[in-house]
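See below for the structure under consideration.
Computed from the coordinates by the stated procedures, all read-outs in this text should not be read as laboratory data. What you see is a predicted model; the values in this text were computed from it and never measured. So basically every Cβ, Gly included, is an ideal-geometry build from the backbone, and we count neighbours across all protein chains shown.
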Amino acid sequence: MLALSSQASDLTYVFCPSIMDAPPNTHVFWLEPEETHRGYGCHAFHPSGVRTLNKETIPVIHHQGLWYTLQHKAGSAYPHLGAERPDISLYDIPILTASIKPEVVKPDPVEQTIASLSLSLPLSPRLQALIPKTLPILKTKISS
């Protein structure tokens, strides 16, 4: 999210937030424009973690990796950053990254040995009956 620094004051104006601007957080929820009465939607923090609109509900914004209160001056088209709120990040939900590697299943060396021996040696019907039923591929490839 881009921020515009105001020359007339120390306020840092930000573009109106979108629902995808913040990381997942168990205590932050999205308010639709109709709920904010500001003409744009925003995220809101509630200390209980329940989506409730009351005196404890605080409009917030995630800006450059940090949580801030989201302030709005009457007559201004854009909101601006309020106080930094590092306590809100305590409820951020970690995002799994693509660094998880799928488990590679290595073939069982015993089964490979049995398969190679079975395919190279002709077996009598009596010996074929002793091959475990758990190796159906071996039974189909063995010729008598």
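Observations, loosely collected:
- Residues that are hydroxyl-bearing (Ser, Thr, Tyr) and free of Cβ contacts under 8 Å to residues at least 12 places away in the same chain within region 49-89 comprise just one, 52.
- Residues of region 40-85 satisfying the condition of being among the aliphatic types (A, V, I, L, M) and buried (at least 16 other Cβ atoms within 10 Å of the Cβ): 44, 58, 60, 61, 70, 81
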